[in-house]
1. With the structure loaded, tell me whether B:Val66 is open to solvent by less than 40 Å² (accessible area, probe 1.4 Å), aliphatic (A, V, I, L, M) and out of contact with any Asp or Glu (no Cβ under 6 Å at 6 or more places or on another chain) or whether it fails that test.
2. So, of the residues in the range A:4-63 that are on the phi > 0 side of the Ramachandran plot and surrounded by fewer than 17 Cβ atoms within 10 Å (Cβ to Cβ), which turns out to be farthest from the other protein chains (Cβ to nearest Cβ)?
3. Please specify each residue of the range B:70-106 satisfying the condition of being open to solvent by 40 Å² or more (accessible area, probe 1.4 Å), part of a strand (DSSP E or B) and either touching a residue at least 60 places away in the same chain (Cβ under 8 Å) or of a type in the set (Ser, Thr, Tyr) (or both).
4. Filter the range A:68-83 down to the residues that are touching a strand residue (DSSP E or B) at 6+ places or on another chain (Cβ under 8 Å) and either open to solvent by 50 Å² or more (accessible area, probe 1.4 Å) or under 17 Å from A:Leu43 (Cα atoms) (or both) and list them by number.
5. If I filter the range B:43-62 for residues that are touching a Ser or Thr at 6+ places or on another chain (Cβ under 6 Å) and in a strand (DSSP E or B), do I get at least one hit?
6. So, B:Ala72, is that one more than 12 Å from the chain's Cα centre (by Cα) and closer than 30 Å to A:Asp56 by Cβ or not?
7. Only residues that are of a type outside the set (Ser, Thr, Tyr) and over 15 Å from the mean Cα position of the chain (by Cα): list them for the range B:5-39, please.
8. Give me a count of the residues in the range B:18-38 that are more than 8 Å from chain A (Cβ to nearest Cβ), open to solvent by 20 Å² or more (accessible area, probe 1.4 Å) and not β-branched (Val, Ile, Thr).
Amino acid sequence: NAGVTQTPKFQVLKTGQSMTLQCAQDMNHNSMYWYRQDPGMGLRLIYYSASEGTTDKGEVPNGYNVSRLNKREFSLRLESAAPSQTSVYFCASSVLGAYGYTFGSGTRLTVV
Amino acid sequence: AQTVTQSQPEMSVQEAETVTLSCTYDTSESNYYLFWYKQPPSRQMILVIRQEAYKQQNATENRFSVNFQKAAKSFSLKISDSQLGDTAMYFCAEIETSGSRLTFGEGTQLTVNP
């Protein structure tokens, strides 16, 4: 039972490059989320998808786009990476927020 | 908008002792849920304990328990008989019943010393 799978685990980008972070869950959860984690700031919500076919902005959406490809997959795209996007990115899913979220193992992204 | 605050960036405790991590939150809702997540050096986010706001009884999970003070909007985590494996970053989080977003505090880095 894989849970939430994120790829890649590590990535180094040059400023201006683009990339897509992939996320898939096998728990039949309706809702999926992308967070970024920065020291002293906890986890901040970038985008979320409450159900297949819908996406909404979170607290820090600028510089990112998302795609809810199907119920299982929710990708995060950086069109033109900036050093300020250096962070650890987490994907999560939930069947109902009241029960908490299940998280992937994270992607450490460095933009140089 | 809901906010969650953890005022202790770092804490340390001796093995086998008890430690309490603090968390305060602000919400305009009457129904909500509170969580503590643990993030060990592996980076994995692990749910430690969950509290339903409409329940007065404090949640417990083995060595982990909470002190939930609804009027004060306080939600502290007590770890008893601390073990070396408890060394981790701990995050407090809150979600409103009417909302769809889990909001996190800044985190507290706990170190258990042998």
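1. Details: open to solvent by less than 40 Å² (accessible area, probe 1.4 Å): yes; aliphatic (A, V, I, L, M): yes; out of contact with any Asp or Glu (no Cβ under 6 Å at 6 or more places or on another chain): yes.
Answer is yes for this residue.
2. Taking the candidates together, the pick is A:Gly16.
3. B:Lys78
4. Listed by number, the residues that qualify are A:Leu69, A:Arg72, A:Glu73, A:Leu76, A:Arg77, A:Glu79, A:Pro83.
5. no
6. In short, no.
7. To start, the set of residues in the range B:5-39 that are of a type outside the set (Ser, Thr, Tyr) comprises B:6, B:8-11, B:13-17, B:19, B:21, B:23, B:26, B:29, B:31, B:34-36, B:38-39.
Once the filter is applied, which keeps residues that are of a type outside the set (Ser, Thr, Tyr) and over 15 Å from the mean Cα position of the chain (by Cα), the range B:5-39 yields B:Val13, B:Gln14, B:Glu15, B:Ala16, B:Glu17, B:Glu29, B:Asn31.
8. Selection size over the range B:18-38: 7.
The values are calculated or read from the model by the stated rules, or taken from the named source; none is laboratory data. Bear in mind the structure is a predicted one, so any value in this text is a computation, not a measurement. Using ideal geometry, Cβ is built from the backbone for each residue, glycine included, and neighbour counts are taken over all protein chains shown. Protein only, heavy atoms only, side chains kept; ligands, DNA and RNA dropped before computing areas. Shrake-Rupley method; radii C 1.70, N 1.55, O 1.52, S 1.80 Å.
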